[in-house]
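The values are calculated or read from the model by the stated rules, or taken from the named source; none is laboratory data. All values reported here derive from a predicted model rather than from experimental measurement. Heads up, the Cβs are rebuilt from the backbone with ideal geometry, glycines too, and the neighbour counts pull from every protein chain shown. The protein model used for the area step is the full one, side chains on, heavy atoms only, and it has no ligands, DNA or RNA in it. Shrake-Rupley method; radii C 1.70, N 1.55, O 1.52, S 1.80 Å.
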Amino acid sequence: MRFVKSNSMKRLILVFILILSFCVCFSALISSNVALAVEPESYLDALYDAGFGPNVNTDWFINERYLDLASAKQYFDDLMPNMDLDYLEENPVVIAVIDTGIDEYHEMFTGLYDEDGHSLTSVTPGYISPYDVLYRDSEGNIIGKNTASNKNGDDEDDLTDHAYESHGTHVSGILAMLIHYFNLEKYIKIMPIKAAFLKYNSATSKYENAFNTDNVLGTNGAYMFAVNNGADIINMSLTSDAAWNSSKFDTYKNSVITVAAAGNSGKDSSNTKYYPAASSSVIGVMNYSKNNDDTAPTMYSSSNYGDAYDICAPGTEIISSVTDNFTVTSATPMYNENDVLYGRLNGTSMACPVVSFAAALLTLKYRGLQPEDNQIPANAIKEFLLHKKKTLTYKDVEYKVLDLNSTIRTDFLDGSGEDSIVIPTAITIDAKAKDLTQSLDDLKPITFTAKLDPVNYEVAPFIYWVAYQDDGEEEVIGTGKTIQYTPKASVGYTKVEARMDYKNPGPSDPKYLYSPSVQIEVKYYMLNSTKAIIVSNDSINMATDQTMKAGETMNFSVAKYEYCNKETVTIEWYVNGELASTDPYFAFNPKDAGEYEIVVAVNTVKSANSTKVIVESNNEGKVKMEMWKIWLISTAITLVIAAVVVTLIFTRKK
């Protein structure tokens with residue numbers, strides 16, 4: 001009996017433990033922030049067919065020896081509840097892909113599959129899947145453009161990818177795969193821009209992709225479309241050994257991150273540079289593969305390399321979405337999964353979107369954690385991305401390698417960690433002293449540069465600039481390490497400060513660092529008799545002889561009078577030596593023909609500059625007067641003759 005009781009008690013305890021364990025697990029499950037990513041089953045099938053084995057959910061570069069995506073995703077899953085997700089959904093991070101177009105109906109982009117990744121067989125027209133990754137307007141239309149339509153002979157809204165290797169679809173597919181893996185379809189979007197056209201290559205007897213700088217960088221080109229339509233990152237998996245004008249990259253480096261492929265010629269940049277990757281404001285991406293024993297990355301043999309480029313990322317044997325134009329070879333096989341097509345490609349073009357996605361993750365992180373009015377500028381995100389120290393060695397030179405997991409985990413605003421950005425302890429301003437005193441009539445932009453101590457970063461994150469007067473409100477006049485500021489057209493003093501603010505780890509502990517102010521003085525224009533130049537009221541120089549007619553009016557003033565202190569400056573006008581007016585604006589109205597000399601005096605001192613006015617007779621008036629006299633005389637004679645005739649008639653009758 002005691003034995004039975006003991007067993008019953010054990011059973012009760014065991015049941016209690018099981019129930020408690022279930023409750024704990026269930027509680028953990030429902031409170032977990034881990035997002036359940038869904039990738040299309042067709043993609044997983046393609047990976048399986050490619051030989052990556054069952055139960056895989058991405059390519060070879062997933063594991064901890066390369067990008068370590070699993071750890072990176074876990075970190076992001078834990079971080080998401082701390083972000084303003086509503087704000088992020090309304091303001092997603094947008095990656096513009098300037099390439100050969102896109103298969104916008106591929107399920108990698110439309111997300112037309114269920115929560116298990118199975119393709120949807122039928123959907124309501126206009127339905128937008130929660131797994132859709134394309135950047136759309138409120139009506140569901142894709143925000144994109146065909147900037148090569150003048151070359152292709154198609155429409156500006158035709159984004160069709162006709163490239164024989166499905167280049168743009170493949171590049172965008174890599175981004176889409178990573179977005180799906182991290183379950184960030186709501187918060188990271190792809191903006192497809194078609195900038196390539198097909199050009200016949202007689203050497204290969206093929207039509208190949210071609211770009212020109214006008215389609216890409218022109219006023220109506222792909223780059224400006226991306227900038228003007230909200231892109232945060234611009235992916236350019238295109239390259240040329242001809243130098244590009246990098247001014248647009250420099251101009252917009254604070255607002256967009258530009259990422260470009262280094263090219264696949266196996267050349268050192270010390271001999272040949274490839275653009276736009278070699279531009280200083282662009283992140284140039286080289287291609288790495290796994291080494292023979294799959295233990296570490298190694299530079300791929302065809303990748304361009306050198307100090308003109310910035311970072312290496314995986315770009316070898318990458319499986320992604322393709323179109324039915326895809327050219328199948330032994331090196332580039334295609335996988336048809338129930339008419340959903342995938343293909344394998346190599347190159348820096350494939351490595352480029354991996355870096356673009358890393359930039360998007362960092363942008364998303366700080367957009368979600370920072371206040372809306374204190375967002376991290378794009379050039380700071382670039383510095384964060386390139387700050388990590390993981391490297392590979394190629395031809396005895398070390399090159400930076402994208403360390404995705406470590407990069408997104410680092411709090412670059414902390415300053416206390418070994419790998420984080422060290423927060424400066426002092427900030428000062430450099431500016432040319434001669435530019436700090438200006439005349440109201442000739443205001444010019446002043447270049448201000450912030451100098452940071454102890455680490456003077458090439459790109460200075462978190463810096464913003466304010467200008468203020470003693471009795472006025474502060475005005476933010478720029479962000480970043482270097483700005484240009486033109487003083488306002490107002491006499492007086494303006495102070496400029498560079499400020500840095502950031503947050504330490506922990507509950508909102510703001511830290512601020514202000515530079516000593518730099519003072520700008522704007523003075524009145526110092527008008528005197530030597531500088532006095534006579535002009536018309538519409539500022540035309542009157543130094544040459546002027547001609548007018550008697551009875552007309554010619555207006556005179558002194559150049560730049562509007563910029564001087566009118567309380568301390570007097571103006572006098574002399575005509576042929578006689579004082580004619582003390583009004584700053586002189587209306588000359590001669591009645592008689594002749595030559596007149598106009599001289600201006602400033603503060604009673606006559607100017608050596610004068611204007612001669614030749615006044616001609618107003619013959620038109622004289623002619624009118626003579627005609628009037630003739631009419632009067634004719635009328636009088638007519639009346640006299642009439643009177644004589646009437647008198648004679650009456651005399652004869654009598």
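When DSSP assigns beta bridges and you keep just the ones with both residues in the chain, what percent turn out antiparallel, to the nearest 5?
70 percent
How tilted is helix 348-369 with respect to the longest principal axis of the chain? Cα atoms for both, answer in degrees (0 to 90, nearest 10).
80 degrees
Keeping all protein chains in place, calculate the accessible area per residue for segment 336-408 (probe 1.4 angstrom), answer in Å².
Dividing the accessible area of segment 336-408 by its residue count gives 33 Å².
From the phi of every residue in segment 283-297, what ³J(HN,Hα) in whole Hz does the Karplus formula 6.51 cos²θ - 1.76 cosθ + 1.60 yield, where θ is phi - 60° and glycine or proline is x?
7, x, 10, 9, 10, 10, 10, 7, 7, 4, 9, 6, 10, 6, x
I'd like the antiparallel share, as a percent to the nearest 5, of DSSP beta bridges with both residues in segment 66-204.
Within segment 66-204, antiparallel bridges account for around 15 percent of the total.
Hey, what angle do you get for helix 69-79 against the long axis of the chain, alpha-carbon based, 0 to 90 degrees rounded to 10?
Orientation of helix 69-79: about 70 degrees from the principal axis.
Defining a contact as two alpha carbons under 8 Å apart and six or more residues distant in sequence, what relative contact order in percent does segment 165-273 show?
Rounded, it is 18 percent for segment 165-273.
Which ³J(HN,Hα) values in Hz, rounded to whole numbers, follow from the phi angles of segment 236-253 under the Karplus curve 6.51 cos²θ - 1.76 cosθ + 1.60, where θ = phi - 60° and Gly and Pro get x?
Going residue by residue, I get 10, 7, 8, 7, 8, 8, 8, 4, 9, 6, 8, 4, 5, 4, 5, 4, 9, 5 Hz, with x marking Gly and Pro.
What aspartates and glutamates does LYS388 reach when the alpha-carbon gap must be under 14 Å and sequence neighbours fewer than 8 apart in one chain are set aside?
Within the straight-line cut-off, LYS388 pairs with ASP310, GLU398, ASP403, ASP411, GLU418, ASP419.
Can you give me the long-range amide H partners of SER269? Hydrogens built in the peptide plane at 1.01 Å from N, cutoff under 5 Å, separation of 5 or more residues or another chain.
Hits under the 5 Å cutoff: TYR305, GLY306, ASP307, ALA308.
Relative to the Cα centre, what is the charge dipole magnitude of the chain, using +1 at the beta carbon of each Lys and Arg, -1 at the beta carbon of each Asp and Glu, and rounding to the nearest 20 debye?
The dipole magnitude comes to about 1900 debye.
TYR288's amide H: which non-local residues (gap 5+, or another chain) put their own amide H closer than 5 Å, with H modeled 1.01 Å from N in plane and none for Pro or chain starts?
Amide H neighbours of TYR288, under 5 Å, 5+ apart: TYR300, ALA313, GLY315.
Please calculate how many Å² of accessible area segment 191-306 carries per residue, with a 1.4 Å probe and no DNA, RNA or ligand atoms counted.
Per-residue accessible area for segment 191-306 comes out at 41 Å².
Could you list, in their original order, any pairs among LYS199/LYS248; LYS444/LYS495; LYS523/LYS612 whose Cα atoms are separated by more than 23 Å?
Distance filter (> 23 Å) returns LYS199/LYS248; LYS523/LYS612.
Taking the structure as given and computing Cα extents along the principal axes in Å, which label from [x] 173, 67, 65; [y] 159, 88, 33; [z] 68, 65, 56 fits?
The listed entry that was calculated here is [x].
Amide H of ILE446: which non-local residues (sequence gap of 5 or more, or other chain) have their own amide H closer than 5 Å, using H built in the peptide plane?
Excluding prolines and chain starts, which carry no amide H, the hits are TYR485, THR486.
Would you mind telling me the antiparallel percentage of the DSSP bridges in segment 191-300, rounded to 5?
Of the beta bridges lying entirely in segment 191-300, close to 55 percent run antiparallel.
Note the angle between two axes, namely the Cα long axis of helix 378-387 and the longest principal axis of the Cα atoms of the chain, as a number of degrees from 0 to 90, rounded to the nearest 10.
So the helix axis and the longest Cα principal axis differ by about 40 degrees.
With a 10 Å radius around each residue's Cβ, average the other Cβ atoms per peptide and rank 116-127, 569-580, 538-549, highest first.
569-580, 538-549, 116-127
For the chain, with all protein chains present and a 1.4 Å probe, just round the carbon and sulfur fraction of the accessible area to a whole percent.
51 percent
Please work out the Cα center distance from segment 155-194 to segment 238-309, rounded to the nearest Å.
Their Cα centres are 21 Å away from one another.
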